[in-house]
Amino acid sequence: MADGPDGEVTVHAFGEAALLVDLPDLAAVRALHRALGDAPPGVVDVVPAARTVLVRCAAPADVPAARAWLRSAVRRASTTGPTTRVGELVEIPVRYDGPDLDDVARWAGLSVEEVVARHHGREYDAAFGGFAPGFTYLSGVDPAIAAPRLATPRTRVPAGSVALAGGLTAVYPGESPGGWRLLGSTDVQMFDVDRDPPALVAPGARVRFVPVRAAVAAGVGALVPTRAERQDGSAGTPRVQPAQVTSPSPPAPRALEVLATGPLALVEDAGRPGLAPVGVGPSGAADRASYALANRLVGNPDGAAAIEVTLGGLAVRFAGGAVVALAGAAVPASVDGSPVGMHAALRVPDGGTLRLGLPAHGL
């Protein structure tokens, strides 16, 4: 490999705060990804793909350090031979009951049993993520069963489908359309927003499919008595103590009723930096500076959600009152018909209605 426009590897700017590395093939991507190691401060995402690696920074000022880090990794990758795979090993149980097994067997000139054996008898590299959160492309398919994609994609592929397309295999994390050939299914949850990390398989991991003959039966919960209950002979009978404290009256409800959205109004937060390698886009507010300013004006945490209004026209009524702030392009605004200003904390009374006009300039 070489770093520069005349070599096999090119590092070039990708917008104001990112760098894109062009590579000749997936093997080169894997080599560079292994050589990168820990990212320096200011790098928020490292996203391998089939022939590129994207490095996204928090700000343009972080790009020079990221470029030096990338160049060093390119040199290491070019001078290091094949290395032993050291990524985390993830085993995924699979029922080989997919509707495309017979078609793959006919394409390969093999029996269904041999297709299954060749699929689960290998260890795969988690090469890159995309398509959907938790969808990780696994390289290393046996060439004998590397059947191409379907000529006509399905409109619905069930969650947990284990699939194959050419030299890649993967598990669909959720129900979606798809054109890969379905070999089986798994009950393993590939992506869970409440799990840390949310994706079961991330780029750099190793994956092995383990065949199972049938689904594991759902467990049946059992009530386990306490030690005291076992001692007094009441084992198996849970004791329910009546509530002795009267609950206080609930506070008045606080809510925001949307009366009009204008052309576009979205609930946005600071986004999801660091999850692009497993298929989660950064998202978040488009005008990050105004988003951060509005949160600071009302004393919110930096990542609190806000309503981002693209072209004005929003009208909202507050039940229970609220303290709000408007930031961004100058826009005429009123509370219950009285004009209000921008870039300052503003108290809206219970039942008050905030209305935005259209900005004369900007969005």
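The values are calculated or read from the model by the stated rules, or taken from the named source; none is laboratory data. From a predicted model like this one, the values you see are computed outputs, not experimental measurements. Cβ placement follows ideal geometry from the backbone for every residue including glycine, while neighbour counts extend to all protein chains displayed. SASA here: full protein model, heavy atoms, side chains in, ligands and nucleic acids out. Shrake-Rupley method; radii C 1.70, N 1.55, O 1.52, S 1.80 Å.
Of note:
- Yes/no for GLY313 being of a type outside the set (A, V, I, L, M, F, W, C), assigned to a loop (DSSP other than H, G, I, E, B), within 34 Å of the chain's Cα centre (by Cα) and loosely packed, with under 13 Cβ neighbours inside 10 Å: no
- In segment 320-340 there is at least one residue matching the filter, namely being outside any loop (DSSP other than H, G, I, E, B) and touching a residue at least 60 places away in the same chain (Cβ under 8 Å).
- Residue match in segment 170-188 (condition: open to solvent by less than 20 Å² (accessible area, probe 1.4 Å), small (Gly, Ala, Ser) and outside any strand (DSSP E or B)): yes
Yes/no matrix, rows are residues, columns are (1) at pLDDT 95 or above; (2) surrounded by fewer than 16 Cβ atoms within 10 Å (Cβ to Cβ); (3) not acidic (Asp, Glu):
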{"site": "ALA50", "(1), (2), (3)": "no, yes, yes"}
{"site": "ALA77", "(1), (2), (3)": "no, no, yes"}
{"site": "ALA105", "(1), (2), (3)": "yes, no, yes"}
{"site": "GLY109", "(1), (2), (3)": "yes, yes, yes"}
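- Enumeration of residues in segment 352-363 that are part of a loop (DSSP other than H, G, I, E, B) and open to solvent by 40 Å² or more (accessible area, probe 1.4 Å): LEU358, ALA360, HIS361, GLY362, LEU363
- Residue satisfying all of: in segment 257-292; aliphatic (A, V, I, L, M) and surrounded by 15 or more Cβ atoms within 10 Å (Cβ to Cβ); nearest to THR353 (Cα to Cα) among these: ALA265
- Restricted to segment 149-165, and to residues there that are touching a residue at least 40 places away in the same chain (Cβ under 8 Å) and in contact with a Gly (Cβ under 8 Å, 6 or more places away or on another chain), the residue that is most open to solvent (accessible area, probe 1.4 Å) is LEU150.
- Hey, ASP302 surrounded by fewer than 17 Cβ atoms within 10 Å (Cβ to Cβ), of a type in the set (D, E, K, R) and either closer than 30 Å to LEU200 by Cβ or modelled with pLDDT under 95 (or both) or not: yes
- Any hit, segment 112-135, residues being crowded, with 16+ Cβ neighbours inside 10 Å, touching a helix residue (DSSP H, G or I) at 6+ places or on another chain (Cβ under 7 Å), at pLDDT 95 or above and closer than 24 Å to VAL29 by Cα: yes
- Considering residues of segment 189-213 that are open to solvent by less than 80 Å² (accessible area, probe 1.4 Å) and free of Cβ contacts under 8 Å to residues at least 60 places away in the same chain only, the residue farthest from PRO93 (Cα to Cα): ARG195
- Qualifying residue in segment 115-135 (condition: among the basic types (Lys, Arg), without any contact (Cβ under 8 Å) to a residue 24 or more places away in the chain and part of a helix (DSSP H, G or I)): no
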